[in-house]
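Asks: Before I ask anything, here is the structure I am working with.
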Amino acid sequence: MNNTTTTDQEELQIEQEFRALLADYATTRRHQREEIIIRAYHFAKQAHAGVRRRSGEPYIMHPIAVARIVAREIGLGSTSICAALLHDVVEDTDTTVEDIQALFGEKIAHIVDGLTKISGGIFGQQASQQAENFRKLIFTMSSDVRVVLVKIADRLHNMRTLEFQPQEKQLKIAGETQYIYAPLAYRLGLFPIKQELENLSFKYEHPEQYAEICRRLQENSNARLEAFERFAAPIRQKLTDMGYEFELKARIKTPYSVFKKMQDKNVSFEDVYDLIAARIVFTPNTDRSEREQCWGIYSAITEIYRPHPERIRDWISTPKSNGYEALHVTVMAQDGQWIEVQIRTVRMHEIAEKGLAAHWKYKMGIDDSTGLDQWIHQIRELLKDPNPNAIDLLDNFKLNLFASEIFVFTPQGEMMTLPLGATVLDFAYQLHSKLGEQCIGAKVNHTLQPIDYKLQSGDQIEVIRSENQRPQRDWLNQVVTSKAKSRLGNYFRREERDLTKLGEQLFDEELQRLGKSEIRDMAIYRLSTYYGFRHPNHMFMQIGKGVVSLKPLESLLVPSKKRWWQLFSNPLHKQPQQQQQQMLPLGDEVNDTQPISATQRPNQNLKHIILSDFNRDVEYQLAPCCHPIPGDEVFAYRDEQGIYIVHKATCKNAERIKSNYGKRLCTAEWRMHHTLTFAETIEMQGIDSKGLLVRIFEIISNHFNCNLHEVKITARNGLFAGTFELEVYDTEEIQLICNELGKIEEINSVKRLSSSANKSF
């Protein structure tokens, strides 16, 4: 930001934007408090006078833009609009929260205070700051959810103007948005905002793929819309005959959702068939219930088109926990394509578009029946026994954001909402932590099932417990809910603390027996060095477990020639790194938050990547989690040891890394050309025929001169499917191979498989 005076033309533009804000406010349900909005605007304008954004526009344009999103796109009232206009005043000027309260009242001051506390973003520099910022976000959300709604509006406008930021900051902000803000908007019912945040993040994280998908969507848009109109015509006629006032529109799949489907299903753009859907929004008649009329329209549509029996979604009988209500049915169109039709009333549509604000409009507040209060209560439970690891806290929170839901029942018939994939163990922990710890199984629909049994919607579950049961570490892989993961993590941390304390006590008792208590520090150093531990607490915990013996302590502390022979002949020293990894307890440096660690890193120093901001060679490694090869879009971040780790831009860990290590990011690009080969796998399917395998080998081995490492083929009923692992130089070469193999008449599909098991040669 810089300081300059505004020109007359800019003053006119500012005034026009503010008038547009007042016009937006006039369309909201409560629009009687225009005077306080005008006062807040003039106060903010004076406070930010002479300050400009990186884009060059006067800073006051940002608060006005955020306020317009709050009013027009979220549908909130004057309190939230004023808070949006004032949201940066306390942070950027000498104004205090007390000043805001004196001038605009307690409610506005409370929201501004909450926004100021989380103004640095959810993620700070250090883990402790991350956790603290995130706790503030959760607490302010649970006390007044408008704080987070205004924060989402602020993030949306920042994303809309992200082009003016440097590339490294673009990656950080986009990663943070994709990781937490888009799921948060979805969870609060702001579906259009969620989609826009995802698309903008996609645009800056993968600019080439974004531009290509936009181009592909545009080039066939006319033909696609013509086909939709043919599909929609008989439905329009039927609804008109039924006497409804309605809108029937096409809903085009967004570039990000196309990209995600291509990634998840590992298919090409041509294989994404559901690019278009239909949405019916109708005004219901007053003589029957909304639910009855939605099913009536469903019946009318299925008289015209044949429905897909497994793709009916009834979100009317059981709304989603973010309040979403609609009836979805997928039917076969005239051209043989499946098209999803969404059926909503005007009320349902407004709730789907504006989430919480629409609930206030229709119900004058949020009650427990919507599921939103229950969700916020679950989130607050995460902080009752706060996890000191900020990344784990974020991951547990995110589990509650973006999961598809199932509905299950207790033996008494009480309904509970769980994420898709939840197990018996998740259900037990949802009821009570103690019940989860003692769970040994359950009767699901009166049939005995193990703790890792995955529940289905409609299941009725009776948990079976045992006083002798104790949590096992593999339980962490058998649960998906944040509550279960959080409670298990806390249990194991308590267990580790108790074992560490016991181990230290046993160590001190042994020192006392040997009469060596006065050299305790030296004894700790020698024994931990002997066993190869990097931290005394790791050693104490293994002593407490009974894994590490105290017998060598006497020889280590008694000066003799024999001691040195024992020290260097100890078999644990023959493979120190291997032994360390076996002994590392939960919570040590080697964990999921660091995709590659010092003990895992291979001893090689490749020089085939150019990192931004460096005119010298720096040490880097290719991430084993996504195995980038030349031609893949990549980025890098600096780990704790100062080594740059290079990841694919599409890596499953990319969002987390960009969010939590934003200050350590740098751009990266390949500079190698046919100097190293990499193992990649391609998959083929087609019609089995004599000599087909010979032709495949001819193309791979002779035409492209590639080495084959592994071939797996199955043939059945005249069809074949196979995978071929081969050495290639880069993504261009593997694409050329796929294209050439695709020319074989019998081959129906050929594609590159993304594999974390691939390795370089």
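Asks: Note down all Cβ pairs under 8 Å where the first residue falls in the range 508-519 and is not assigned by TED's automatic domain parsing to the domain that holds Pro536, the second is surrounded by 12 or more Cβ atoms within 10 Å (Cβ to Cβ) and at pLDDT below 85, and they're at least six residues apart or on different chains.
Replies: Note: no pairs meet the criteria.
Asks: Can you name every residue in the range 636-654 that is of a type in the set (A, V, I, L, M) and either within 23 Å of Ser201 (Cβ to Cβ) or modelled with pLDDT of 80 or more (or both)?
Replies: Filtering the range 636-654 down to residues of a type in the set (A, V, I, L, M) leaves 636, 643, 645-646, 649, 654.
Ala636, Ile645, Val646, Ala649, Ala654 - these are the residues of the range 636-654 that are of a type in the set (A, V, I, L, M) and either within 23 Å of Ser201 (Cβ to Cβ) or modelled with pLDDT of 80 or more (or both).
Asks: Return the total of residues in the range 282-334 being outside any loop (DSSP other than H, G, I, E, B) and aromatic (Phe, Trp, Tyr).
Replies: Of the residues in the range 282-334, the ones outside any loop (DSSP other than H, G, I, E, B) are 282-283, 290-304, 307-314, 327-332.
Those still in the list that are aromatic (Phe, Trp, Tyr) too: 282, 295, 298.
Count: 3.
Asks: If I go through the range 460-482 residue by residue, how many of them are buried (at least 20 other Cβ atoms within 10 Å of the Cβ) and touching a residue at least 40 places away in the same chain (Cβ under 8 Å)?
Replies: 5
Asks: Here's a follow-up. Conditions first: (1) modelled with pLDDT under 85; (2) over 30 Å from Ile451 (Cα atoms). Leu586 passes all but one, so which condition is the exception?
Replies: Only one criterion is unmet by Leu586, namely (2).
Asks: How about the range 404-424: which of its residues are of a type in the set (Asp, Glu) and either under 24 Å from Pro183 (Cα atoms) or touching a strand residue (DSSP E or B) at 6+ places or on another chain (Cβ under 7 Å) (or both)?
Replies: Residues of the range 404-424 of a type in the set (Asp, Glu): 405, 414.
Answer for the range 404-424, where residues must be of a type in the set (Asp, Glu) and either under 24 Å from Pro183 (Cα atoms) or touching a strand residue (DSSP E or B) at 6+ places or on another chain (Cβ under 7 Å) (or both): just Glu405.
Asks: For the range 508-518, does any single residue satisfy the condition of being farther than 19 Å from Gln469 by Cα, of a type in the set (A, V, I, L, M, F, W, C) and assigned to a helix (DSSP H, G or I)?
Replies: Here is the first cut: in the range 508-518, the ones farther than 19 Å from Gln469 by Cα are 508-518.
From what is left, the residues that are of a type in the set (A, V, I, L, M, F, W, C) are 511, 514.
Then keep just the ones that are assigned to a helix (DSSP H, G or I); that gives 511, 514.
Checked the range 508-518: at least one residue is farther than 19 Å from Gln469 by Cα, of a type in the set (A, V, I, L, M, F, W, C) and assigned to a helix (DSSP H, G or I).
Asks: Related question: State the number of residues belonging to the range 532-554 that are buried (at least 16 other Cβ atoms within 10 Å of the Cβ) and of a type in the set (Gly, Ala, Ser).
Replies: Counting residues in the range 532-554 that are buried (at least 16 other Cβ atoms within 10 Å of the Cβ) and of a type in the set (Gly, Ala, Ser) gives 2.
Asks: So Leu455 clears everything in (1) at pLDDT 90 or above; (2) within 14 Å of Arg487 (Cβ to Cβ) except one condition, right? Which one?
Replies: (2)
Asks: Please determine, by comparing only the residues of the range 39-89 that are without any contact (Cβ under 8 Å) to a residue 60 or more places away in the chain and polar (S, T, N, Q), which one is surrounded by the fewest Cβ atoms within 10 Å (Cβ to Cβ).
Replies: Once the filter is applied, the top-ranked residue is Gln46.
Asks: Could I ask something else about it? Name the residue that is nearest to the chain's Cα centre (by Cα), counting only residues in the range 487-510 that are of a type in the set (A, V, I, L, M) and surrounded by fewer than 18 Cβ atoms within 10 Å (Cβ to Cβ). Even if it seems obvious, please write down each step before you answer.
Replies: Just the residues of the range 487-510 that are of a type in the set (A, V, I, L, M), to begin with: 488, 499, 502, 506.
Now restrict to residues that are surrounded by fewer than 18 Cβ atoms within 10 Å (Cβ to Cβ): 502, 506.
Details: Leu502: 39, Leu506: 44 Å.
Step by step, filter the range 487-510, then rank; the result is Leu502.
Asks: Of all residues being β-branched (Val, Ile, Thr) and under 23 Å from the mean Cα position of the chain (by Cα) in the range 193-242, which is surrounded by the fewest Cβ atoms within 10 Å (Cβ to Cβ)? Just the residue, please. First the steps, then the outcome.
Replies: Start the filter on the range 193-242 by keeping residues that are β-branched (Val, Ile, Thr), which leaves 193, 213, 235, 240.
Narrowing the set further to residues that are under 23 Å from the mean Cα position of the chain (by Cα) leaves 193, 213.
Details: Ile193: 26, Ile213: 22.
Among them, the one singled out is Ile213.
Asks: How many of the residues in the range 283-301 are out of contact with any Pro (no Cβ under 7 Å at 6 or more places or on another chain) and within 15 Å of Val329 (Cβ to Cβ)?
Replies: We begin by selecting, within the range 283-301, every residue out of contact with any Pro (no Cβ under 7 Å at 6 or more places or on another chain); these are 283-289, 291-292, 294-301.
Then keep just the ones that are within 15 Å of Val329 (Cβ to Cβ); that gives 291, 294-301.
Looking only at that region, the number is 9.
Asks: Shifting gears a bit: Which residue out of Arg291, Arg311 is of a type in the set (D, E, K, R) and loosely packed, with under 15 Cβ neighbours inside 10 Å? Talk me through it step by step, then tell me what you get.
Replies: Numbers: Arg291 fails: loosely packed, with under 15 Cβ neighbours inside 10 Å.
Selected residue: Arg311, the only one of Arg291, Arg311 that is of a type in the set (D, E, K, R) and loosely packed, with under 15 Cβ neighbours inside 10 Å.
Asks: Moving on to the next point. Search the range 302-314 for residues being free of Cβ contacts under 8 Å to residues at least 24 places away in the same chain and touching a strand residue (DSSP E or B) at 6+ places or on another chain (Cβ under 7 Å), and hand back the single one that is farthest from Met332 (Cα to Cα).
Replies: Out of the qualifying residues, it is Asp314.
Asks: Right, next: In the range 192-224, how many are part of a helix (DSSP H, G or I) and either more than 21 Å from Gln263 (Cβ to Cβ) or of a type in the set (S, T, N, Q) (or both)?
Replies: Residues of the range 192-224 that are part of a helix (DSSP H, G or I), as a first pass: 192-205, 207-219, 221-224.
Pick out the ones that are also either more than 21 Å from Gln263 (Cβ to Cβ) or of a type in the set (S, T, N, Q) (or both) and you get 192-193, 195, 199, 201, 209, 218-219, 221-224.
Total satisfying the criteria: 12.
Asks: Can you tell me which residue is nearest to the chain's Cα centre (by Cα) among those in the range 533-556 that are in a helix (DSSP H, G or I) and at pLDDT below 85?
Replies: As a first pass, look at the range 533-556 and keep what is in a helix (DSSP H, G or I): 536-545, 552-556.
Filter once more, so that each one left must be at pLDDT below 85: 545, 554-556.
On the way: Lys545: 36, Glu554: 52, Ser555: 53, Leu556: 50 Å.
Among those that are in a helix (DSSP H, G or I) and at pLDDT below 85, it is Lys545.
Asks: With at pLDDT below 90 and of a type in the set (Val, Ile, Thr) as the only criterion, which of Ile14, Ile111, Ile37, Ile100 stands out?
Replies: Details: Ile14 fails: at pLDDT below 90; Ile37 fails: at pLDDT below 90; Ile100 fails: at pLDDT below 90.
Criteria check complete, one pass: Ile111.
Asks: Check Glu325, Glu340 and return the single one that is in contact (Cβ under 8 Å) with a residue 24 or more places away in the chain, closer than 27 Å to Val408 by Cα and buried (at least 19 other Cβ atoms within 10 Å of the Cβ). Let's see the steps before the verdict.
Replies: Values: Glu340 fails: buried (at least 19 other Cβ atoms within 10 Å of the Cβ).
Step by step, each of Glu325, Glu340 is checked, and only Glu325 is in contact (Cβ under 8 Å) with a residue 24 or more places away in the chain, closer than 27 Å to Val408 by Cα and buried (at least 19 other Cβ atoms within 10 Å of the Cβ).
Asks: Right, here's the next one. Residues in the range 243-250: is at least one surrounded by 15 or more Cβ atoms within 10 Å (Cβ to Cβ) and out of contact with any helix residue (DSSP H, G or I) (no Cβ under 9 Å at 6 or more places or on another chain)?
Replies: Step one: of the range 243-250, the residues surrounded by 15 or more Cβ atoms within 10 Å (Cβ to Cβ) are 244, 246, 248, 250.
So of that shortlist, the ones also out of contact with any helix residue (DSSP H, G or I) (no Cβ under 9 Å at 6 or more places or on another chain) come out as none.
Within the range 243-250 (the criterion being surrounded by 15 or more Cβ atoms within 10 Å (Cβ to Cβ) and out of contact with any helix residue (DSSP H, G or I) (no Cβ under 9 Å at 6 or more places or on another chain)), the answer is no, since none of the residues qualifies.
The values are calculated or read from the model by the stated rules, or taken from the named source; none is laboratory data. Remember, it's a predicted structure, so these values are computed and weren't measured experimentally. Every residue, glycine as well, gets a Cβ built from its backbone with ideal geometry; the counts of neighbours run over all protein chains shown.
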